[in-house]
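Q: Quick one: this structure, given as structure tokens, is what I'll be asking you about.
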Ligand SMILES: NC(=O)c1ccc[n+]([C@@H]2O[C@H](COP(=O)([O-])OP(=O)(O)OC[C@H]3O[C@@H](n4cnc5c(N)ncnc54)[C@H](OP(=O)(O)O)[C@@H]3O)[C@@H](O)[C@H]2O)c1
């Protein structure tokens with residue numbers, strides 16, 4: 001087997017699928033996709049083995065057998081509300097498992113690329129660059145910040161933290177819907193959408209993030225990188241763009257404020273990223289929001305039976 005040996009965790013998630021698809025085109029890389037399931041859900045020509053990142057024996061065997069040069073950790077409990085209600089599982093998956101991966105990487109001199117989130121910030125003054133100080137406002141953000149700290153502590157100079165923002169895209173049998181697919185489904189069914197005006201993000205088309213991660217691997221880039229879409233919008237404005245690009249009824253979209261949801265987990269109001277570092281060091285060039293939504297529309301059309 002040739003080239004850099006890349007171990008991908010969480011390969012059946014939204015990002016994991018897109019990343020494995022991108023890396024499968026890289027002849028210079030030998031990729032092992034891992035996830036909790038018996039098989040890789042999309043049909044991509046790529047080696048696969050089941051691996052639960054919270055299972056120490058499974059992780060150890062995978063490291064022993066595959067001997068990765070680099071690990072990209074896409075596994076996470078990414079549902080913010082679920083993290084708040086099931087804190088043990090959230091900590092085990094998002095923090096403790098990353099500590100173990102970081103230790104294995106350190107012991108074997110493998111590099112570790114940890115995927116993280118804008119939710120490590122409090123959202124008082126976005127968009128954020130890589131030097132901004134984290135200050136999470138909810139449990140999900142705390143678990144992801146703990147993971148970042150584990151990666152830095154164990155990894156000496158061989159770590160990368162790639163933070164991203166509100167992912168949208170499609171995949172095969174995804175276990176979680178993303179916000180854009182949810183908006184499309186609601187509007188297609190003629191259901192009203194109540195969406196907030198007071199949370200701003202830079203939504204990220206998931207193949208762009210996969211391309212950014214490929215560039216991190218290819219250039220052996222270390223340190224922190226912010227990889228998101230380029231356009232800051234409120235969730236309300238995002239819904240308007242979705243309706244426009246997908247030809248759906250904008251009158252179904254109703255603006256609300258975050259405090260109208262009584263039981264909602266606190267979320268950072270104004271995040272989004274500055275992409276200057278990623279643009280200059282990685283030549284990262286993501287789709288603008290409407291172009292990304294058009295690319296998603298084309299991808300969904302090609303999936304339809
Ligand atoms: N989605 C967003 O908007 C967003 C925004 C910022 C950052 N991020 C970060 O981006 C990364 C990828 O997120 P995503 O959107 O691709 O999430 P996702 O679709 O939920 O994918 C995460 C994957 O991790 C898997 N997983 C969960 N527990 C696991 C375990 N114990 N062992 C192995 N795999 C496990 C899940 O498996 P199952 O399919 O079996 O549940 C799922 O396939 C995460 O680090 C997330 O924190 C996401």
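Q: More than 24 angstrom separation, counting every C-alpha pair in the chain; what % is that?
A: Working: 23469 of 46360 pairs.
So the portion of pairs separated by more than 24 Å is 51 percent.
Q: Rounded if a/c is under 1.5, else prolate if a/b beats b/c, else oblate: with a ≥ b ≥ c from the C-alpha gyration tensor eigenvalues square-rooted, which is region 165-305? Could the numbers behind the result be given before it?
A: On the way: a/c = 2.11, a/b = 1.40, b/c = 1.51.
Judged from the Cα gyration tensor, region 165-305 comes out oblate (a/c at least 1.5, b/c at or above a/b).
Q: What is the order of 63, 261, 273, fewest Cβ neighbours within 10 Å to most? Provide the component values of the computation, followed by the final result.
A: On the way: 63 19, 261 12, 273 28.
Final ranking by Cβ density, sparse to dense: 261, 63, 273.
Q: Right, something else. Could you put 29, 51 in order, starting from the residue whose Cβ has the fewest other Cβ atoms within 10 Å? Walk me through the numbers before you get to the answer.
A: Numbers: 29 19, 51 24.
Ascending Cβ contact count within 10 Å gives the list 29, 51.
Q: Can you give the FRET efficiency for residue 25 and residue 130, using 1/(1 + (r/R0)^6), R0 = 25 Å, r = Cβ-Cβ distance, to the nearest 0.05? Walk me through the numbers before you get to the answer.
A: Numbers: r = 28 Å, r/R0 = 1.10.
The computed FRET efficiency comes out at 0.35.
Q: How far is it, in nm, from the label point at residue 291 to the one at residue 185 when both lie 7 Å from their Cα along the line to the Cβ?
A: In this crude label model, residue 291 to residue 185 measures out at 2.9 nm.
Q: Okay, moving on. Mean-square fluctuation check for the chain, GNM, Cα pairs under 10 Å: which of 226, 254, 287 is largest?
A: Checking each option, the largest mean-square fluctuation is seen for 254.
Q: Report the FRET efficiency, 1/(1 + (r/R0)^6), for residue 45 and residue 301, where r is their Cβ-Cβ distance and R0 is 30 Å, rounded to 0.05.
A: 0.80
Q: Ranked by Cβ crowding within 10 angstrom, fewest neighbours first, how are 112, 19 ordered?
A: Values: 112 26, 19 30.
With the fewest neighbours first, 112, 19 line up as 112, 19.
Q: Would you look at the GNM of the chain, springs on alpha carbons closer than 10 Å, and say which of 134, 232, 286 moves the most?
A: Of the options given, 134 has the highest mean-square fluctuation.
We did not get these values from a lab; they are worked out from the coordinates using the rules stated. The structure presented is a predicted model; accordingly, all values stated were derived computationally and were not measured. Every residue, glycine as well, gets a Cβ built from its backbone with ideal geometry; the counts of neighbours run over all protein chains shown.
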